[in-house]
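Enquirer: Here you go, one structure.
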Amino acid sequence: MNPFSSGTRLRDMIRAIRACKTAAEERAVVRKECAAIRAAISENDQDYRHRNLAKLMFIHMLGYPTHFGQMECLKLIASAGFPEKRIGYLGLMLLLDERQEVLMLVTNSLKQDLNHSNQYIVGLALCALGNICSAEMARDLAPEVERLLQTRDPNIRKKAALCSIRIIRKVPDLAENFMGPAASLLKEKHHGVLIAGVQLCTDLCKASTDALEYLRKNCTEGLVRILRDVSNSPYAPEYDIAGITDPFLHIRALRLMRMLGQGDADSSEYMNDILAQVATKTESNKNAGNAILYECVETIMGIEATSGLRVLAINILGRFLSNRDNNIRYVALNMLMKAVTVDFQAVQRHRTTILECVKDSDASIRKRALELVFLLVNDNNVKSLTKELIDYLEVSDQDFKGDLTAKICSIVEKFSQEKLWYIDQMFKVLSLAGNYVKDDVWHALIVMISNAPDLQGYSVRSLYKAFQTSNEQESLVRVTVWCIGEYGEMLVNNVGVLEMEEPMTVTESDAVDVVEVALKRHSSDIKTRAMSLVALLKISSRFPPTSERIREIVMQHKENVELELQQRSIEFNSIIQRHQNIKSSLVERMPVLDESTYIGKRVGSSQATLPADKSSRPTSGSPGASLKLPNGVAKPPPAPLVDLLDLSSDDVPAPTSSATDFLHDLLGGDLMSPSSSGTDILMDLLSIGSPSAPTDVSIRNTISSNQGNAGEPKTAPASVMDLLDGLPSNSSLPGDKNPIYPSITAFESSTLKVTFSFTKQPGKPQNTMIQATFTNLSSNTYTDFIFQAAVPKFIQLRLDPASSSTLPASGNGTITQMLSVTNSQHGQKALAMRLRIVYKVNDQDKMEQGQINNFPPGL
Amino acid sequence: MIRFILLQNRQGKTRLAKYYVPLEDSEKHKVEYEVHRLVVNRDPKFTNFVEFRTHKIIYRRYAGLFFSMCVDITDNELAYLECIHLFVEILDHFFSNVCELDLVFNYHKVYLILDEFILAGELQETSKKAIIERMGELEKQE
């Protein structure tokens, strides 16, 4: 019995539901039906099972929960007859999805159905599998599907191919199994199978690079042939759409070509002819033709095409761009964005058309066009483009203004070459759409103004003018208020007037008026008001006659509900009234703000005026870099005193020569070894035990009276040591000789002994000469004797050649080798060394190694 | 790849919803609501493509029904427009001048047609004739 043809209950139910006038009625009907169905389910009713499921599906489509019907689907699928299976699988696809565990129970039924003799049932199973299988099911049933790819029935083959696509998407590892069958599918004649095969190949390429290589090698030719055949085929009524045979096959084949040809010159060359043919032959008056041309252009852009082909593609895009149909124009704009990377000049030619598209009434087209314009901006056209965009900003829709503003701001920031132009454009944008401007944008503007002293007068005057006309734009108000506060006197006294400015006179009270308006407007938010209060304070210092008036204005907020405003009001009032003397220093001109923190990379900018220091420390040899110290004035290269304060830093600044002299003066004697430019000052301070040959005799007089014999040079270090009492001093008497360090046994084993003896050169406390003596303790002679040493990073080591490479046995002779060690952290860290010795004894290689920790301190 | 297909009327009722990606029921309802809102307010002069979350919707209005397909960002929009049209033609042929009521009362058949036309989010068959024939064979099996 066909459950649908008689259709009494199902149709009746649908009618009943449609007849309901209100949602409550509908709910009642649905509830009754669900109850009946649930009863039938619990009774395990066989006859009406499919009808009940059909009703349940309808109810599900209306939006009601139907989980109780899931097991019914399974039971129906497990039944023998086709109609039951059909409705069961339909229910399965509608009521369940791959994330539910119930789906796993179907795996067995699916397996049986995939092996069924009835082709239609196999089709049902493949359909269900292809639409909702999970990864585990995919893995389980993949072998069945592979087998089905080879059946004779084209319907099954095409379904199996599409099912394989899903399997590969879920389990990419299985891609290798499908490579061979997919390639053979491309030799089909049946369009359905062919299109499924092409799609399968496309997904294989996406899933695994091996498959891509395989298909590239074996199938490029076949693919080109497919496209050629379908392109040249005569009229085929079955597949004809708008005069073109099977445009879908065209498009899929072109897409696969794109994947195979990408990055591979050989296959791209093979495709050139057919692409040119399709591009020129396809008619573009109907949508189907345009769809093919679009895909063709995408493919040409994607592969390694000849330049002739590329020109052809750009021309097609140009034609699309001027088409009246919005869809075509949208598609063209999309493509042009990709074409920009390929051929920038060609796209530039269409700039005017693209600009027109920015003003189109369709939101999708506007968005695309704006993004494309952004990609096209370069140094040459930035001024005209920005002008156009700003003109459009005035008339654009509210929802578009946000995007447009953001884009204009980023263009202006990225490409501005002169500060004047940047400031002008930003003022315009602020006047037109200040409410959409993001905070960091107008922060950057303020930073820019503070860095351009010659333009500050111009800025404050322009802002004053702009305020008169567009004072509802919040960001504009904020920037204006800040500038008037900072540069008020430039406004009133017409400082720094540029050529193109019209003359205008602004009195002090006009300036105060502006800020007062900003403060009192209803629409000003707290931030603006707070900024206004600060600006008023600054003005009262710059223009003393207005103090009283300002104080009154400020006092009005003494009891403001907002804590911030109240606090500012009371504090500023107190400053104005009582603390006249410090007022001016409190509100001095702000320091030049560090631009590098705010402004990003500039494209092709030759702006050397940007002070580009990232660190406030002077690099060696660049005395021009200014130091940002709190009192806001750029300082000359810092006095060495500053360096002295850098004691804690590991990053050692290279002292300029003046610093060295000063240090010399302070500490007496040439305590710094000239070779080490990275000397830490601290080290010099604690440079103990250094033999000194001081060059400045006069300095010693400045040192305390601890000095003994003024004439003896060697007391200088002694006086240093006395001054710095308490520091470990292990140098021996500063005598005429260099301090002596005891020799140590650096290494001793049963077969070898190594001793080190030390000498230091006068005036070079970091350098130590070590004489290493090797003694053979065994009774065999060592040959090919090689000594190697490793030292930590702060030490430099130099090995001189050894006296010989043969060490006689039993201490009958020794090898000596000189080492020179420089400790850059002399005084802070002790010497440490690892040694390794290799030699041959009785034709055997031997190696000994060890660490030396017993260096005398002070080395 | 097609992610889902929706048929909705002007009031927002969904007459057909086929999902090729897994979504919870509540998510499905949300999606249907959003798509309807997007699509119903657009001027007929505008493009048939709208951006939706991270994908795009290709839609077309036929009488009182909106046929919407959600596809990946990289897909060919014009091709899917043709796809929608082909589907409508098939329905028209099958139901002989189809109207919305046909789709309501015979939803199970509509799903079957759809399953013969698109599988796993990809096109299965491009010939109207082949699909109609196949439907005929399936009916005979009943």
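The values are calculated or read from the model by the stated rules, or taken from the named source; none is laboratory data. What you see is a predicted model, and the numbers here were worked out from it, not measured in a lab. Here the Cβ positions follow ideal geometry from the backbone for every residue, glycine too, while neighbour counts run over all protein chains shown. Note: areas computed on protein heavy atoms with side chains; ligands, DNA, RNA excluded. Shrake-Rupley method; radii C 1.70, N 1.55, O 1.52, S 1.80 Å.
Enquirer: If residue B:33 satisfies all but one of (1) more than 10 Å from every other protein chain (Cβ to nearest Cβ); (2) farther than 29 Å from residue A:194 by Cβ; (3) outside any helix (DSSP H, G or I); (4) hydroxyl-bearing (Ser, Thr, Tyr), what's the number of the condition it fails?
Expert: (3)
Enquirer: Would you pick out the residues in segment A:552-572 that are open to solvent by 60 Å² or more (accessible area, probe 1.4 Å) and more than 13 Å from residue A:526 (Cα to Cα)?
Expert: A:552, A:556, A:558, A:559, A:570, A:571 - these are the residues of segment A:552-572 that are open to solvent by 60 Å² or more (accessible area, probe 1.4 Å) and more than 13 Å from residue A:526 (Cα to Cα).
Enquirer: Collect the residues in segment B:50-92 that are over 18 Å from residue A:247 (Cβ atoms), within 13 Å of chain A (Cβ to nearest Cβ) and of a type outside the set (Ser, Thr, Tyr), keeping them in residue-number order.
Expert: Within segment B:50-92, B:50, B:51, B:52, B:56, B:57, B:72, B:73 qualify.
Enquirer: Does residue A:354 qualify as being within 14 Å of chain B (Cβ to nearest Cβ) and either free of Cβ contacts under 8 Å to residues at least 12 places away in the same chain or open to solvent by less than 10 Å² (accessible area, probe 1.4 Å) (or both)?
Expert: no
Enquirer: Restricting attention to segment B:4-19, and to residues there that are touching a residue at least 24 places away in the same chain (Cβ under 8 Å) and surrounded by 21 or more Cβ atoms within 10 Å (Cβ to Cβ), which single residue is farthest from residue A:134 (Cα to Cα)?
Expert: Looking at residues that are touching a residue at least 24 places away in the same chain (Cβ under 8 Å) and surrounded by 21 or more Cβ atoms within 10 Å (Cβ to Cβ), I get B:8.
Enquirer: Could you please let me know if residue A:35 is free of Cβ contacts under 8 Å to residues at least 40 places away in the same chain, more than 14 Å from every other protein chain (Cβ to nearest Cβ), of a type in the set (Gly, Ala, Ser) and not in a loop (DSSP other than H, G, I, E, B)?
Expert: Yes, satisfied.
Enquirer: Can you pull out every residue in segment A:797-815 that is at positive phi and either polar (S, T, N, Q) or open to solvent by 50 Å² or more (accessible area, probe 1.4 Å) (or both)?
Expert: A:810
Enquirer: Could you tell me whether residue A:135 is open to solvent by 10 Å² or more (accessible area, probe 1.4 Å), farther than 29 Å from residue A:64 by Cβ and hydrophobic (A, V, I, L, M, F, W, C)?
Expert: yes
Enquirer: Quick one: in segment A:358-369, of everything that is open to solvent by less than 10 Å² (accessible area, probe 1.4 Å) and closer than 26 Å to residue A:416 by Cβ, which residue is nearest to the other protein chains (Cβ to nearest Cβ)?
Expert: A:369
Enquirer: Right, something else. What's the number of the only condition in (1) in a loop (DSSP other than H, G, I, E, B); (2) polar (S, T, N, Q); (3) within 16 Å of residue A:856 (Cα to Cα); (4) over 55 Å from the mean Cα position of the chain (by Cα) that residue A:755 fails to meet?
Expert: So the condition that residue A:755 fails would be (1).
Enquirer: Can you tell me how many residues in segment A:304-317 are part of a helix (DSSP H, G or I) and surrounded by fewer than 20 Cβ atoms within 10 Å (Cβ to Cβ)?
Expert: 6
Enquirer: Something else: Of the residues A:196, A:182, which single one is open to solvent by less than 30 Å² (accessible area, probe 1.4 Å), part of a helix (DSSP H, G or I) and within 10 Å of another protein chain (Cβ to nearest Cβ)?
Expert: The match here is A:196.
Enquirer: Quick check: anything in segment A:337-349 within 14 Å of chain B (Cβ to nearest Cβ) and in a helix (DSSP H, G or I)?
Expert: yes
Enquirer: Let me ask something else about it. Let me spell it out: the conditions are (1) surrounded by fewer than 15 Cβ atoms within 10 Å (Cβ to Cβ); (2) within 27 Å of residue A:493 (Cβ to Cβ), and residue A:540 meets all of them except one. Which number is the exception?
Expert: (1)
Enquirer: Which number in (1) of a type outside the set (Ser, Thr, Tyr); (2) at positive phi; (3) in contact with a Cys (Cβ under 6 Å, 6 or more places away or on another chain) marks the one condition that residue A:91 misses?
Expert: Tallying (1) of a type outside the set (Ser, Thr, Tyr); (2) at positive phi; (3) in contact with a Cys (Cβ under 6 Å, 6 or more places away or on another chain), residue A:91 fails exactly one: (2).
Enquirer: Which of the numbered conditions does residue B:40 fail, given that it passes all the others? Conditions: (1) more than 10 Å from chain A (Cβ to nearest Cβ); (2) crowded, with 17+ Cβ neighbours inside 10 Å; (3) under 30 Å from residue A:23 (Cα atoms); (4) in contact with a Phe, Trp or Tyr (Cβ under 8 Å, 6 or more places away or on another chain).
Expert: Residue B:40 satisfies every listed condition except (2).
Enquirer: Report the residue count in segment A:319-336 for those that are surrounded by fewer than 17 Cβ atoms within 10 Å (Cβ to Cβ) and either in a helix (DSSP H, G or I) or within 32 Å of the chain's Cα centre (by Cα) (or both).
Expert: Final tally of qualifying residues: 1.
Enquirer: In segment A:87-100, how many residues are open to solvent by less than 20 Å² (accessible area, probe 1.4 Å) and more than 8 Å from every other protein chain (Cβ to nearest Cβ)?
Expert: Result for segment A:87-100: 6.
Enquirer: Out of curiosity, is residue A:792 surrounded by fewer than 18 Cβ atoms within 10 Å (Cβ to Cβ), under 18 Å from residue A:854 (Cα atoms) and touching a residue at least 24 places away in the same chain (Cβ under 8 Å)?
Expert: yes
Enquirer: When you scan segment A:134-164, how many residues do you find that are in a loop (DSSP other than H, G, I, E, B), more than 9 Å from every other protein chain (Cβ to nearest Cβ) and over 19 Å from residue A:201 (Cα atoms)?
Expert: So the answer is 2.
Enquirer: Next up: Could you tell me how many of the residues in segment A:252-279 are within 10 Å of chain B (Cβ to nearest Cβ), surrounded by fewer than 24 Cβ atoms within 10 Å (Cβ to Cβ) and aliphatic (A, V, I, L, M)?
Expert: Counting residues in segment A:252-279 that are within 10 Å of chain B (Cβ to nearest Cβ), surrounded by fewer than 24 Cβ atoms within 10 Å (Cβ to Cβ) and aliphatic (A, V, I, L, M) gives 0.
Enquirer: Mind listing whichever residues of segment A:46-86 are among the hydrophobic types (A, V, I, L, M, F, W, C), assigned to a helix (DSSP H, G or I) and either more than 9 Å from chain B (Cβ to nearest Cβ) or closer than 23 Å to residue A:119 by Cα (or both)?
Expert: Within segment A:46-86, A:53, A:56, A:59, A:68, A:71, A:73, A:74, A:76, A:77, A:78, A:82 qualify.
Enquirer: In addition: Search segment A:518-535 for residues that are open to solvent by 50 Å² or more (accessible area, probe 1.4 Å) and pair each with any residue that is not in a helix (DSSP H, G or I) when their beta-carbon atoms are under 6 Å apart and the residues are at least 6 apart or on different chains.
Expert: A:526/A:562
Enquirer: If the requirement is being more than 7 Å from chain A (Cβ to nearest Cβ) and without any contact (Cβ under 8 Å) to a residue 24 or more places away in the chain, which of these qualifies: B:125, B:100, B:133, B:142?
Expert: B:133
Enquirer: For residues that are more than 10 Å from chain B (Cβ to nearest Cβ) and not in a helix (DSSP H, G or I), scanning just segment A:101-123, find the one that is surrounded by the most Cβ atoms within 10 Å (Cβ to Cβ).
Expert: A:116
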